Amino acid sequence: MSKKADLSELFFSRTWDFLDLFLARQELRSGHTIKAYKISLARFYRYVIEEKGISVMTFRFTDCTYDFVLEYLQHLRDADHLANSTLNQRLAAIKSYLKYVSDSDITLMQVYMSVCKVPLMKLPKLQREVLEKDELALLFNAPAHTRFGNRDRTILVLLFDSAIRVSELTSITLGDVSLRTSGSHIVIHGKGKKMRSVVLNDRCAAHVKEYIKKFHKPDAASDTPLFYTIIHGNMTSMSQRNIERILKKYSDTVRNEHPGLPESVYPHMLRRSRATGLYRDGVPIEMISAILGHSNSETTKIYAIPSVEQLRNALNNGVEDDSSGEKLWEGREDEIMGMFGLK
């Protein structure tokens, strides 16, 4: 690795293309995602030049071997004391980068395939908390029946009923909202600039309609943010941090009298609770996936948390039927494993 290499052979020669052109302009990844990749590749860069003492002008793609990356991850765990989830992020960034360069240079495919064999660190499967129906009712009733209290209630109800992300909520404009009696809906600008239409139920539509009446002028421009703050006379979209503060404010209020409420209630918990509630009500996973804006229904399965009643019914229905000699669950082994959290 001491001999000077051609520029095209250098490992870090395509990182700018990968981050600024491929991820940002072709894949349309979010700024947060691109920043995470940049941090991971920058950490690998420092390891190469600082810990291994290798010049970036001699470190080739072919030097990034299975053993080299494995040693790098071991160093991160021992020196930086990183959690397995963070180690997996660092590894995923290197794999994604190598896939990008190997797609345009077939001679690097072997390098990419070799690094792909580096195993991910095992992570414990955690079941994320969801809010039950009685807790949601308490949360929605917490805001006072004042002008701003009703605004906050509208935010909470819309976040839950529509199951949208907090970033999607803050990007809604008046032009995205349609409150026709034949079917109220909101156009959502999701991840990767993908658009979808989210139908509002009658309760949610009523809250949004009343909110707009109180907080917006009849002739307001269509690009006016639905939820806004005014600072020094300037109207701007309400920040995600402000939404988080609103949710924390009312969850703390509820927790004072109902200590069983989760210690941390945040916007994505409402999205998760909605998706789980739909699953428990029998809505097909493919339909829930469309509501959430997932491109792959496999992603949605993390929200498929069965209720205690569902587990009880599964056990009761899964016994052998003496009259017919057939097993009701025969051929549905994957579904059984999912219900018991084994998938």
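Checking the table Lys213/Lys248; Lys35/Lys193; Lys194/Lys301 against a 23 Å threshold on Cα-Cα, which pairs fail?
Lys213/Lys248
How much mean residue ellipticity at 222 nm does the chain get from its helices, if each DSSP H run of length 4 or more adds -39500 (n - 2.57) and you divide by all residues, to the nearest 500 deg cm²/dmol?
The per-residue figure over the chain is -14500 deg cm²/dmol.
If you take every residue apart from Asp281 with its C-beta less than 11 Å away from the C-beta of Asp281, what net charge results, scoring Lys and Arg +1 and Asp and Glu -1?
Within the 11 Å Cβ shell, the charges total +3.
With unit charges on the beta carbons (Lys and Arg positive, Asp and Glu negative) and the dipole taken about the Cα centre of the stretch 7-116, which residue among Gly53, Ser102, Ala36 sits farthest to the positive side?
In the stretch 7-116, that residue is Ala36.
If I fit a long axis through the Cα atoms of helix 267-280 and take the longest principal axis of the Cα atoms of the chain, what angle between them do I get, 0 to 90°, rounded to 10?
Between helix and principal axis, roughly 70 degrees.
Can you check what the net charge comes to around Asp152, using other residues whose Cβ is under 14 Å from the Cβ of Asp152 (Lys, Arg +1; Asp, Glu -1)?
Once positives and negatives cancel, what remains is +4.
List the longest stretch of the chain that has no exposed loop site; here a site is one of the GluC sites (Glu not before Pro) assigned by DSSP to anything other than H, G, I, E or B, with at most 16 other Cβ within 10 Å.
So the longest stretch without any such site is 133-262.
Can you find, among His294, His258, Ile231, the residue sitting farthest towards the positive end of the charge dipole of the stretch 198-309, where Lys and Arg contribute +1 and Asp and Glu -1 at Cβ?
Positive-end residue among those listed: Ile231.
State whether the stretch 7-116 is rounded, prolate or oblate according to the following rule on the C-alpha gyration tensor (a ≥ b ≥ c being the square roots of its eigenvalues): a/c under 1.5 gives rounded; otherwise a/b larger than b/c gives prolate, and the remaining case gives oblate.
The shape class here is oblate.
Got the relative contact order for the chain handy, in percent, Cα pairs under 8 Å and 6 or more residues apart?
13 percent
Taking 0.36 nm per intervening residue step and subtracting the Cα-Cα distance, what contour gain separates Leu174 from Tyr266 on full extension?
Fully extending the segment from Leu174 to Tyr266 adds 30.6 nm.
Please find, in a Gaussian network model of the chain (springs between Cα atoms separated by less than 10 Å), the residue of Asp105, Asp281, Asp252 whose mean-square fluctuation is greatest.
Per the Cα network of the chain with a 10 Å cutoff, Asp105 tops the list.
List, in the order given, every pair from Lys95/Lys117; Lys99/Lys191; Lys133/Lys191 whose Cα-Cα distance in the structure shown is over 19 Å.
Lys99/Lys191; Lys133/Lys191
Could you tally the net charge around Asp20, taking each other residue with its Cβ under 14 Å from the Cβ of Asp20, Lys/Arg +1 and Asp/Glu -1?
+3
For a quick check of your reading of the filter: which chymotrypsin sites (Phe, Trp or Tyr not before Pro) in the stretch 1-91 sit in a DSSP loop and have no more than 13 other Cβ atoms within 10 Å?
Filter output for the stretch 1-91: empty list.
Which distance in nm do the two modelled labels at Glu71 and Ala221 give, with both placed 7 Å along the Cα-to-Cβ direction?
Simple spin-label model gives 5.9 nm for this pair.
What full-extension length gain, to one decimal in nm, is calculated for Ala137 and Glu210 as 0.36 nm per residue of separation minus the Cα-Cα distance?
24.3 nm
The numbers here are math on the coordinates, done by the rules we state, and not lab data. Bear in mind the structure is a predicted one, so any value in this text is a computation, not a measurement. So basically every Cβ, Gly included, is an ideal-geometry build from the backbone, and we count neighbours across all protein chains shown.
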